[in-house]
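Visitor: First, the structure itself, so that you have it in front of you.
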Amino acid sequence: MERSIARLFEPVEAGGMTFRNRFLRSATWLAGCTEVSGEVTAPLLSRYAELAAGGVGGIISGYANVSPDGRAQVRQMNVDSDERIQDVRKLADTVQSRGARLIVQIAYGGAVSNPAAVRQGSIKGPSAMEKDPVFGNRVEELGESEIERIVRDFGAAARRVKEGEADGVQLHGAHGYLLMQFLSTVFNRRTDKWGGDFDSRSAILLAVQEEVRSCVGPDFPVWWKLSVSEERDGGYTAEEGARLAERLVSAGANGIEVSGGARYVGVERMNSRLGIRAGVDEGYFAAHAALVKSRVGARAAVALVGGLKSPRTAARFLEEGVADLFSLCRPLIAESDLVNRWAEGDLRPAECISCNACFKTVQEGMIYCPVMKQLHEGAWEPLPEC
Ligand SMILES: Cc1cc2nc3c(=O)[nH]c(=O)nc-3n(C[C@H](O)[C@H](O)[C@H](O)COP(=O)(O)O)c2cc1C
Ligand code: SF4
């Protein structure tokens with residue numbers, strides 16, 4: 001194996017922990033938890049076991065909801081009460097015993113929450129809207145005291161992640177959920193301290209991080225997933241997003257996973273893009289990641305996500321200093337053992353064709369790849385439930 005590619009499969013210290021290689025499973029909601037209480041189920045644990053056994057260095061959990069009124073999706077995980085600490089522990093045991101790290105992503109849905117997800121209370125966001133641009137929800141404006149309560153909820157959720165013995169927590173500041181809604185003028189027209197210019201619209205992210213840090217202490221890894229650019233004409237830019245990333249790192253963040261866009265900006269520029277081809281348009285946020293890396297240097301790990309398909313491209317990005325870590329979502333829905341396959345020398349690109357058909361399988365139960373299932377029908381043996 002070429003030296004530049006072999007480097008990807010060596011242990012690395014990054015973002016406050018050591019990984020066995022440079023590949024991460026990016027946060028993936030698999031709709032595998034119970035509705036309402038958001039408990040982790042045995043089939044979901046089997047998927048995590050399969051993924052960890054498949055060779056990734058670290059797994060970022062699907063987004064876990066911080067508040068009973070913050071659920072964004074059906075069968076989403078919850079970390080909104082101390083009862084859910086045991087769920088984090090189950091995930092951590094499953095993943096860590098197979099040699100991978102577990103980072104739990106925490107989020108609050110806000111305006112673009114799926115109305116089919118059962119939650120307490122009405123759907124709220126930074127500003128009132130007749131119809132949100134994704135689900136058409138009627139959105140009520142969050143009051144100041146509610147914003148402060150949500151900031152505290154992020155802190156309490158991060159504490160639960162630590163008590164459940166995950167290796168780190170990731171704060172979801174991407175893909176159109178509440179914290180990104182504050183960054184965007186599509187959602188945030190507030191005139192108080194949480195609205196205004198980009199720095200004021202960023203204030204809630206810094207407040208959440210400060211609260212989280214005070215709840216988990218100085219040594220627990222705190223990461224972000226950021227839509228570094230809104231990817232919308234007239235929206236916030238990668239330059240602004242990179243400045244925010246730098247401020248978060250200066251205030252103590254250990255890692256930034258660089259994504260961009262959201263469903264509301266349209267299918268062409270959203271975070272999970274269609275029809276990505278290996279060696280052609282892979283790693284579509286690489287320029288944003290390089291910008292963030294140039295600002296944060298060695299102070300924090302930078303992970304690139306979005307359309308990565310081949311170790312050859314990841315190796316080139318590593319050589320060029322674009323990112324330290326490489327995150328995959330859809331390729332690992334399609335092939336949970338992809339990283340082992342590459343490490344063993346089969347360097348063919350991921351089989352995932354970036355069609356997004358996996359989203360639709362939520363109607364049948366837990367999300368899976370229908371393309372691969374059809375291809376390998378009869379030869380597909382998931383691990384037994386654990
Ligand atoms: C089924 C599915 C669920 C996802 N769930 C999450 C999530 O919980 N949190 C998150 O930040 N991103 C989520 N994403 C976005 C991915 O993490 C990733 O940023 C995006 O798909 C681009 O990476 P890829 O080309 O490797 O799939 C999800 C994507 C898919 C397809
Ligand atoms: S359905 Fe399968 S091939 Fe299509 S994007 Fe999802 S994982 Fe990839």
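Computed from the coordinates by the stated procedures, all read-outs in this text should not be read as laboratory data. Model, not experiment: these values are computed from the prediction. In this analysis, Cβ positions are derived from the backbone assuming ideal geometry, glycine residues included, and neighbour counts consider all displayed protein chains.
Visitor: For Gln86 and Thr34, what does the FRET efficiency come to when R0 = 22 Å and r is the distance between their Cβ atoms, rounded to the nearest 0.05?
Guide: Values: r = 13 Å, r/R0 = 0.60.
Efficiency for this residue pair is about 0.95.
Visitor: Give the order of Val118, Val212, Val296, Val228 when sorted by the count of other beta carbons within 10 angstrom, beginning with the fewest. Kindly include the intermediate steps, with their values, before the conclusion.
Guide: Working: Val118 14, Val212 25, Val296 20, Val228 31.
The fewest-first ordering by Cβ neighbours comes to Val118, Val296, Val212, Val228.
Visitor: Using just the Cα positions, wrap segment 210-301 in a convex hull and report its mean projected area in square nanometres, one decimal place.
Guide: Numbers: hull surface 27.7 nm².
Projected area, direction-averaged: 6.9 nm².
Visitor: I've got another one for you. Distances over 33 Å make up what percent of all Cα-Cα pairs in the chain? Numbers along the way, then the final one.
Guide: Values: 16734 of 74305 pairs.
Result: 23 percent of Cα pairs exceed 33 Å.
Visitor: Between segment 151-218 and segment 233-264, what is the C-alpha centre distance in whole Å?
Guide: Centre-to-centre (Cα) distance: 12 Å.
Visitor: Can you give the angle from 0 to 90° between the axis of helix 144-163 and the longest principal axis of the chain, with both taken from C-alpha atoms, to the nearest 10?
Guide: 30 degrees
Visitor: I would also like to ask the following. Hey, got the dipole for segment 17-144? About the Cα centre, +1 on K and R Cβ, -1 on D and E Cβ, debye to the nearest 20? Before the final figure, lay out the partial values.
Guide: Working: 15 positive and 14 negative charges, 144 e Å.
Dipole size: approximately 700 debye.
Visitor: While we're on this one: Ignoring everything except DSSP H segments at least 4 long, calculate the 222 nm mean residue ellipticity for the chain; use -39,500 (n - 2.57) per segment, divide by total residues, nearest 500. Before the final figure, lay out each step's value.
Guide: Values: 14 runs with 126 residues, N = 386.
Here the helix-only value at 222 nm equals -9000 deg cm²/dmol.
Visitor: Between Ala357 and Leu206, what is the label-point separation in nm under the 7 Å Cα-to-beta-carbon projection?
Guide: 4.7 nm
Visitor: What number do you get for segment 1-128 when its Cα radius of gyration is normalised by 2.2 N^0.38 Å, N = residues? Could you put the intermediate results ahead of the total?
Guide: Working: Rg = 16.5 Å, N = 128, 2.2 N^0.38 = 13.9 Å.
Working it through for segment 1-128, the quotient is 1.19.
Visitor: Right, here's the next one. Applying the Karplus parametrisation 6.51 cos²θ - 1.76 cosθ + 1.60 with θ = phi - 60° to the phi angles of segment 198-203, what ³J(HN,Hα) value in whole Hz is obtained for each residue in order, glycine and proline being reported as x?
Guide: In residue order, the calculated couplings are 4, 4, 5, 5, 7, 4 Hz.
Visitor: Counting other C-beta atoms within 10 Å, which of Val265, Val371, Val12, Val95 has the fewest, and how do the rest follow? Could you put the intermediate results ahead of the total?
Guide: On the way: Val265 22, Val371 16, Val12 19, Val95 26.
The fewest-first ordering by Cβ neighbours comes to Val371, Val12, Val265, Val95.
Visitor: Fully extended, how many nm does the chain gain between Met1 and Glu148 (0.36 nm per residue separation, minus their Cα-Cα distance)? Could the numbers behind the result be given before it?
Guide: On the way: separation 147, 0.36 × 147 = 52.92 nm, distance 5.19 nm.
Length gained, Met1 through Glu148: 47.7 nm.
Visitor: Before anything else, pin down the relative contact order of segment 1-130: Cα pairs under 8 Å, at least 6 apart, normalised by residue count, whole percent.
Guide: Details: 241 pairs, mean separation 33.7, N = 130.
Dividing the mean separation by the residue count of segment 1-130 yields 26 percent.
Visitor: Given contacts defined as C-alpha pairs under 8 Å and at least six residues apart, what's the relative contact order of segment 3-375, whole-number percent? Walk me through the numbers on the way to the answer.
Guide: Values: 868 pairs, mean separation 61.0, N = 373.
It rounds to 16 percent for segment 3-375.
Visitor: Please arrange Thr237, Thr313 by counting, for each residue, the other beta carbons lying within 10 Å of its beta carbon, fewest first.
Guide: On the way: Thr237 16, Thr313 20.
With the sparsest Cβ surroundings first, the list reads Thr237, Thr313.
Visitor: What does the charge dipole of segment 3-375 about its Cα centre add up to, to the nearest 20 debye, if the Cβ of each Lys and Arg holds +1 and the Cβ of each Asp and Glu holds -1? Provide the component values of the computation, followed by the final result.
Guide: Details: 46 positive and 47 negative charges, 134 e Å.
Computed charge dipole of segment 3-375: roughly 640 debye.
Visitor: Okay, next question. Once all Cα-Cα distances of segment 78-190 are split into 10 Å bins that start at 0, what whole-number percent is in each one?
Guide: Result returned by the calculation: 14, 39, 30, 15, 2.
Visitor: Please check the chain for the longest run free of GluC sites (Glu not before Pro) that are loop-located per DSSP (anything but H, G, I, E, B) and have at most 12 other Cβ atoms within 10 Å. Intermediate values should be presented prior to the final figure.
Guide: Values: sites that count: Glu2, Glu130, Glu268, Glu320, Glu344, Glu364, Glu377, Glu385.
Answer from the scan: 131-267.
Visitor: Using modelled backbone amide H atoms (1.01 Å from N, in-plane), which distant-in-sequence or interchain residues come within less than 5 Å of Ala72's amide H?
Guide: Under 5 Å from the amide H of Ala72 lie the amide H atoms of Gly109, each far enough along the sequence or on another chain.
Visitor: Still on this model: From the phi angles alone, apply the Karplus equation (6.51, -1.76, 1.60; θ = phi - 60°) to segment 12-23 and give each ³J(HN,Hα) in whole Hz, x where the residue is Gly or Pro.
Guide: 9, 8, 7, x, x, 8, 10, 10, 6, 7, 9, 9
Visitor: Using the Karplus curve 6.51 cos²θ - 1.76 cosθ + 1.60 with θ = phi - 60°, work out ³J(HN,Hα) for each residue of segment 275-282 in order, rounded to whole Hz, and write x for Gly and Pro.
Guide: In residue order, the calculated couplings are x, 6, 10, 4, x, 10, 10, 5 Hz.
Visitor: Also, quick follow-up: Stretch Asp281-Val74 to full length: gain in nm at 0.36 nm per residue minus the Cα-Cα span?
Guide: Values: separation 207, 0.36 × 207 = 74.52 nm, distance 3.17 nm.
Taking 0.36 nm per residue and subtracting the Cα distance, the gain is 71.4 nm.
Visitor: Normalised by the number of residues in segment 272-339, what is the relative contact order in percent for Cα pairs under 8 Å and 6+ residues apart?
Guide: On the way: 80 pairs, mean separation 23.3, N = 68.
This gives 34 percent for segment 272-339.
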